[in-house]
Amino acid sequence: QVQPVESGGGLVQAGGSLRLSCAASGRPGSIYSMGWFRQAPGQEREFVAAISWNGANTFYGNSAKGRFTISRENAVNKVYLQMNSLNPEDTAAYYCAVAQWGPELNSGNVGYARTYDYWGQGTQVTVSS
């Protein structure tokens with residue numbers, strides 16, 4: 001059992017910044033590859049960013065490149081998503097996902113929800129124009 005918990009969502013004006021956090025509880029001492037997805041009403045779930053368990057590899061969806069940065073703090077098993085230059089199209093519920101089983105994250109699997117084993121409840125990000 002791994003329970004990711006997101007925090008940091010809120011309301012921000014276009015052009016502003018926001019930092020999301022995800023804490024993943026599990027077996028003591030364990031660290032996991034983790035990712036972020038988002039979903040707006042009426043839209044499909046979209047891959048945003050991910051990071052390997054050791055932090056050696058990061059991945060970004062097209063909408064995130066150049067604006068968002070994913071990082072991790074393994075001592076507390078937390079992952080962060082720094083979001084800059086936000087625009088109204090970024091408005092969505094953001095979900096943290098944990099990949100415990102299966103192969104390590106790579107460019108071929110990172111963008112698919114089926115790659116991940118546990119999901120948080122989501123945190124809402126709303127960007128006003």
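In segment 2-29, which residue that is farther than 19 Å from Gly122 by Cβ and polar (S, T, N, Q) is surrounded by the fewest Cβ atoms within 10 Å (Cβ to Cβ)?
By that ranking, first place goes to Gln13.
Looking at (1) closer than 12 Å to Leu20 by Cβ; (2) exposed (fewer than 15 other Cβ atoms within 10 Å of the Cβ), which one does Asn62 not meet, given that it meets all the others?
(1)
Please find, within segment 77-129, the residue that is surrounded by the most Cβ atoms within 10 Å (Cβ to Cβ) out of those that are more than 22 Å from Gly29 (Cα to Cα), in contact with a helix residue (DSSP H, G or I) (Cβ under 8 Å, 6 or more places away or on another chain) and of a type in the set (Gly, Ala, Ser).
Top of the filtered list is Ser128.
Is there any pair with a first residue in segment 38-50 that is free of Cβ contacts under 8 Å to residues at least 40 places away in the same chain and a second that is aromatic (Phe, Trp, Tyr) whose Cβ atoms are under 7 Å apart and which are 6 or more apart or on different chains, and what are they?
Between residues of segment 38-50 that are free of Cβ contacts under 8 Å to residues at least 40 places away in the same chain and residues that are aromatic (Phe, Trp, Tyr), the close pairs are Ala49/Trp36; Ala49/Phe59; Ala49/Tyr60; Ala49/Phe68.
Specify which of the listed residues (Asn84, Asn57, Asn77) is at positive phi and in contact with a strand residue (DSSP E or B) (Cβ under 9 Å, 6 or more places away or on another chain).
Matching residue, one of Asn84, Asn57, Asn77: Asn77.
Residue by residue through segment 2-17, note down the ones that are closer than 25 Å to Leu86 by Cβ, assigned to a strand (DSSP E or B) and more than 13 Å from the chain's Cα centre (by Cα).
Those that are closer than 25 Å to Leu86 by Cβ, assigned to a strand (DSSP E or B) and more than 13 Å from the chain's Cα centre (by Cα): Gly10, Leu11, Val12, Gln13.
Return the only residue of Thr123, Thr115, Thr91 being out of contact with any Pro (no Cβ under 6 Å at 6 or more places or on another chain), β-branched (Val, Ile, Thr) and farther than 27 Å from Gln1 by Cα.
Thr91
Quick note: the coordinates plus some simple rules give every number you see, no bench work behind them. Small disclaimer: the values here were computed from a predicted structure and weren't measured. Heads up, the Cβs are rebuilt from the backbone with ideal geometry, glycines too, and the neighbour counts pull from every protein chain shown.
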